[in-house]
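The values are calculated or read from the model by the stated rules, or taken from the named source; none is laboratory data. Computed from a predicted structure; not experimentally measured. FYI the Cβ positions are ideal-geometry reconstructions off the backbone, even for glycines, and counts take in every protein chain you see.
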Amino acid sequence: MGAEKDELVVAFEGAIRSHADGIDAGPKVLLDAVKSTDAKWADVNIQKAKRVVKAIREAQGAQAESNSKSEKVVAKEKGAEGLCPKNHKLTRFIAYSLGCCDGCGGKVTTGDPMWGCRACDHDLCEAKCHKNQGSKKLLTQFSDVIEGLQLKIDQAVAISPTQEKLEKLLDLIKQETVKHEAQIAKTDDKQLAEEAELRVEEVELRKGQFVKDLTAVHAKILVAIEAGVRRPEAAQTA
Ligand SMILES: [Zn+2]
Ligand SMILES: [Zn+2]
């Protein structure tokens, strides 16, 4: 039954291709065309023809839809190789504003690691769409968070309409910073070294740098509070 039906579908597809109006010629005209190709279709009735034409129409619709989606699918597949759809190498950066991923359409927030091609203005999230997904080492995560915190401060300064709002946002960032410090402190150096394939001494150095960077984050928060609300143009000195 299945095979027979497929054969009939193929016969209809052939009739659609040969007819000037294509599928719009309608089931009756197409059925006549199919019958003229082979005597074995003599028993196919108009109801069956309608069903087959409808199925072909639906399949075409699905095809058209998947063609429009394929841009994203291609973006994701290429991202898995670390490339943009035009085969440029993607470079890593930390998102400094809200946006969305060109691969999965997912929301991107300030501080998220991304991979982008500037020539094509093509950006993919690291979490789902880049080949580095899931393989991110803790040390890299730590420095991402720090970079993200810095950017969040800049953003808070740029968007806060009042001093009160600014201090509220900065207080949240401060809490995040403290939490991050605690997390770095409690992570085992040996585990970090193994994961990153570094010597323990190197991990200690990296951690020392993180502590300095986080101190700088705290200082930046204080400076931002003291400077108060400014217009975004003036915020660049921060
Ligand atoms: Zn994505
Ligand atoms: Zn590109």
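Out of curiosity, is Gly148 modelled with pLDDT of 85 or more, in the same structural domain as Lys207 (by TED's automatic domain parsing) and under 13 Å from Ile94 (Cβ atoms)? Give the steps one after another, and end with the answer.
Working: modelled with pLDDT of 85 or more: yes; in the same structural domain as Lys207 (by TED's automatic domain parsing): yes; under 13 Å from Ile94 (Cβ atoms): yes.
It is true that Gly148 is modelled with pLDDT of 85 or more, in the same structural domain as Lys207 (by TED's automatic domain parsing) and under 13 Å from Ile94 (Cβ atoms).
Conditions first: (1) loosely packed, with under 15 Cβ neighbours inside 10 Å; (2) more than 30 Å from Val157 (Cβ to Cβ); (3) within 12 Å of ligand 2 (Cβ to nearest atom). Lys78 passes all but one, so which condition is the exception?
(1)
Can you list the strands (runs of 3 or more DSSP E) lying wholly within segment 65-176 that have 1 or more residues being away from ligand 1 (no atom under 14 Å from the Cβ) and in contact with a Pro (Cβ under 7 Å, 6 or more places away or on another chain)? Spell out how you get there, then give the answer.
Working: elements: 91-94, 113-117, 122-125.
Of the strands (runs of 3 or more DSSP E) lying wholly inside segment 65-176, those with at least 1 residues that are away from ligand 1 (no atom under 14 Å from the Cβ) and in contact with a Pro (Cβ under 7 Å, 6 or more places away or on another chain) span 91-94.
Give the residue, chosen from Glu167, Glu126, that is at pLDDT 95 or above and not basic (Lys, Arg).
Numbers: Glu126 fails: at pLDDT 95 or above.
So the residue among Glu167, Glu126 that is at pLDDT 95 or above and not basic (Lys, Arg) is Glu167.
May I ask you to verify whether Leu83 is surrounded by 12 or more Cβ atoms within 10 Å (Cβ to Cβ), without any contact (Cβ under 8 Å) to a residue 60 or more places away in the chain and closer than 25 Å to Gln191 by Cα? Talk me through it step by step, then tell me what you get.
Details: surrounded by 12 or more Cβ atoms within 10 Å (Cβ to Cβ): yes; without any contact (Cβ under 8 Å) to a residue 60 or more places away in the chain: yes; closer than 25 Å to Gln191 by Cα: no.
No.
Of everything in segment 186-204 that's loosely packed, with under 11 Cβ neighbours inside 10 Å and in a helix (DSSP H, G or I), which residue is farthest from the chain's Cα centre (by Cα)?
Looking at residues that are loosely packed, with under 11 Cβ neighbours inside 10 Å and in a helix (DSSP H, G or I), I get Glu201.
Would you mind finding the one in Ala224, Ala219 that is surrounded by 15 or more Cβ atoms within 10 Å (Cβ to Cβ) and either in a helix (DSSP H, G or I) or at positive phi (or both)? Give the steps one after another, and end with the answer.
Values: Ala219 fails: surrounded by 15 or more Cβ atoms within 10 Å (Cβ to Cβ).
Answer to the selection: Ala224.
Which of the residues spanning segment 101-148 are farther than 29 Å from Val211 by Cβ, of a type in the set (D, E, K, R) and away from ligand 2 (no atom under 16 Å from the Cβ)?
If the condition is that a residue be farther than 29 Å from Val211 by Cβ, of a type in the set (D, E, K, R) and away from ligand 2 (no atom under 16 Å from the Cβ), then Lys107, Lys128 are the ones that fit.
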